[in-house]
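Below you'll find the structure, written out as structure tokens, and then a few comments.
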Amino acid sequence: MPPEILGLFTTPEQYQQNQLAQARSRAFQEVQLDPFQQAALGARTAGYQFGQAVGGALGGQDPQLQRITQRQQLLGMIDPSNPDSYAQAIQAALQTGDQEAAFLLRNEMMKVRQQAQEQEMQGFKRTDYLTQRGAGMQAQGLTNRANELIGQLKNSDGTINEQVKAELLSFPQGRTAISEQAKVLPDLRRLGAAGVPETNPFDLFVNDTTIPAPLRTTAKQYQSSFAKGIYDPEEADKLVERLSTATQKAAEFQQTQDRLKQNQEMLDSFRQQGLVNSQASLNLQRQQAELNNDFKRQKIERDAEIARNKPLPANLSKGEEEDYDIAKASTNLATDANSYVKRIKSGDIKFGLKDRASIATRGAFGSGDPDVIARQDYDKFIERMTSENLRLNKGVQTDKDFERELKLLKSAESAASAEKIMQNLVDINIRKVQDAKDSIERRRMNAGAGLPVISIAVPQFGERPPLSSPDLQKK
């Protein structure tokens, strides 16, 4: 269990030893230690122990010792690996009037449940990953070869080994391995299985000079956004998949074009030798006709994929990065502020003048009381909102609504007032997310760039109907 739980549930033996040590310390300070006085110190200590024993025999008990004994019994009810076992201990604590123990046990139960859910999710992710990897193992020999080549794809200086890449692109499993490479690596990083520092998944596309220039330009924009934390790994996966598909289509088109050129050179050689009607020449002509059909089809597919991954003009790219940053930060603030609305409503955070004075005094002396911790967390969140507002509005017009509500929140003296103001801040941050989404889509529409691959999700909370964009604009 965490330190705060262990500190709360001191054993009776530890408590008695501590009391005995304090008695010895007081006696030591009162007695000058000559031989007779040392005997007196021993007598005082023995007297303390005898007094404890007599008090117990007569039915008396130290209230604190009794509380500690009850808390040890609570611990005996708990199986740390079973979150549900905490409920019985919490109920027992409430029945004995030990509110502090019940509160901390409840918090610990929530933490254990969250950890269990996270472990379960990690298990699902591992299962999904293994399932995906196993789906392509039908042609085991070629798949093994593809996996072997993937490890040799990058040279020691970070460049692409063109010979290895050409071999990978020459058979289906190899092309699949290249396309899947960037998708698999983020999953491995999330599972902690890669064993290496996280790398930017778009580096592979940026550094490959054989990839068409428009795709490399798009990859550079994604690379910059990922490095700034705008895209999380899951969002990056979607973009990587699109680039991988476009790169594969471009590679297939280039291979067919190269074969057409080689065949044409051979046909020219047959013509120079007067062998145009030879069987070899006729076979090559039929093959050339089939390749021409493939060439036309692959060109259409390649051009369509490049168009889907069309890079943004530099001015649009910069503005889009800023909007994604605003949307992500505002989503986080709206989510956290909504959780504080719930905590204020439940009474976890105190706002009365007397309560705040008491909390400030106890906090100055390092108190770990639940109401002190709750208020400190609340104050830190207000500071975080203030700093985020300054960061996001640096160089642009200040958000007056946000600043006004923050000032009111800092001076709120009742839970009802604080709850209302905090809800206003939730709505303001939702409005910021919606504005960022609208800005990106409007900018792209005006430039004819199409909607973004990663769409911004405007947060909605179940406690109240979601606000539409026009409603938000009125606030």
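The values are calculated or read from the model by the stated rules, or taken from the named source; none is laboratory data. In this text the structure is predicted, and so the values were computed from the model without any measurement. Here Cβ is always computed from backbone atoms with ideal geometry, including for glycine, and neighbour counts include all displayed protein chains. Remember, those area values only see protein heavy atoms, side chains included, never the ligands or the DNA or RNA. Shrake-Rupley method; radii C 1.70, N 1.55, O 1.52, S 1.80 Å.
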*Can you name the condition, by its number, that I440 falls short on among (1) modelled with pLDDT of 85 or more; (2) more than 30 Å from V240 (Cα to Cα); (3) surrounded by 11 or more Cβ atoms within 10 Å (Cβ to Cβ)?*
(2)
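Would you check if K350 is open to solvent by 40 Å² or more (accessible area, probe 1.4 Å) and either touching a strand residue (DSSP E or B) at 6+ places or on another chain (Cβ under 6 Å) or not in a helix (DSSP H, G or I) (or both)?
Yes, satisfied.
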*Looking at (1) at pLDDT 90 or above; (2) open to solvent by 60 Å² or more (accessible area, probe 1.4 Å); (3) of a type in the set (A, V, I, L, M), which is the one condition that is false for A314?*
(1)
*Counting only residues that are crowded, with 21+ Cβ neighbours inside 10 Å and among the hydrophobic types (A, V, I, L, M, F, W, C), which one in segment 327-340 is farthest from I421 (Cα to Cα)?*
A327
*asked:* Among the residues that make up segment 372-388, is at least one of them at pLDDT below 85 and in contact with a helix residue (DSSP H, G or I) (Cβ under 8 Å, 6 or more places away or on another chain)?
replied: yes
*Among the numbered conditions (1) open to solvent by 40 Å² or more (accessible area, probe 1.4 Å); (2) in contact (Cβ under 8 Å) with a residue 40 or more places away in the chain, tell me where I306 comes up short.*
(1)
*Can you confirm whether segment 318-340 contains a residue that is modelled with pLDDT under 85 and of a type in the set (K, R)?*
yes
_Cβ pairs under 6 Å, 6+ apart, first in segment 230-255 and within 18 Å of L169 (Cβ to Cβ) and in contact (Cβ under 8 Å) with a residue 60 or more places away in the chain, second among the aromatic types (F, W, Y) and surrounded by 15 or more Cβ atoms within 10 Å (Cβ to Cβ)_ = L243/F205
*Considering only residues that are modelled with pLDDT under 85, open to solvent by 20 Å² or more (accessible area, probe 1.4 Å) and acidic (D, E), look in segment 196-246 and name the one that is farthest from E305 (Cα to Cα).*
E198
